[in-house]
Structures are given as C-alpha cells and as structure tokens.
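Working notes, beginning with the structure itself.
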Amino acid sequence: MEKGALGGQIATTPVVENYPGFMQVGGKTLVDLMVSHALEYVQIFQGEQVVDIRPGTPIEVQTTRRKFLTKVVLLATGAVYRRLGVPGEDRLAGRGVSYCSTCDGPLFKERMSSW
C-alpha cells in the first residue's frame, strides 16, 4: 500500500549521488527503476492508506478500499519534512528552499566554497 506518490521524498530529489550501482541518478529515474522491479514480484496499491491493523492469525489489514488477511506486515512509515508556511515556499522548494541537506546538497555544491 502506498497512500502517496510512489517513491516519497526521493522522487522529488533532482540528483541522488553514490547510490549502489549509480554514481549519479535522478530521484524520479531511481524510483521508476525500483517500481518497475518491484512490480515483477508484487502488486502495488497506490493511493491506498492503511487505516487499521489487527493482530491475530491471520493479521487483518484494513485500508481505505479493502481488507487484507496476511501472515506478516512490514511497516515502512516514511518521512515528511516540516514546512514553514512562509510566502513563496512552495514555489521555491528545490530552487533555494531546502529541507534536506543530504538530498539538496548538490544544488549548492559550487557555492559551498565561498561560505
């Protein structure tokens, strides 16, 4: 289940550096490769949010669209950056407004030496 966009934050990262198998790769490209690989083995339910998990045998997982019965649940909650809510923040995100120094560092690579 993936309630949001596939890939999360990495999908909006312009350049991912030093990822195994890649010196540099665009975040969206990396997500596309991972999704196509995953789809060879599993089904992805995009836009579907888990709303309840009931332990037992089997475990019941209730989503916004259906109920699943399973033996195992792998919970990967992801992360969300905290926005400031200031004017221009959305428009300038990734173009001067940054939330992740590791992710957005390449945007400022040439400017770092002057600090």
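Taken together, the values in this text are just the output of simple stated rules run on the coordinates, not laboratory data. These numbers come from a predicted model, not from an experiment. Virtual Cβ from ideal backbone geometry, glycine too; neighbours counted across all protein chains shown.
List pairs: first in the range 80-97 and without any contact (Cβ under 8 Å) to a residue 24 or more places away in the chain, second in a strand (DSSP E or B), Cβ under 9 Å, 6+ apart or cross-chain?
Note: pairs meeting the criteria are 83/93; 84/97; 86/97; 88/97; 89/97; 90/97; 91/97.
Could you tell me whether any residue of the range 78-87 is aliphatic (A, V, I, L, M) and touching a Pro at 6+ places or on another chain (Cβ under 9 Å)?
Scanning the range 78-87, I find no residue that is aliphatic (A, V, I, L, M) and touching a Pro at 6+ places or on another chain (Cβ under 9 Å), so the answer is no.
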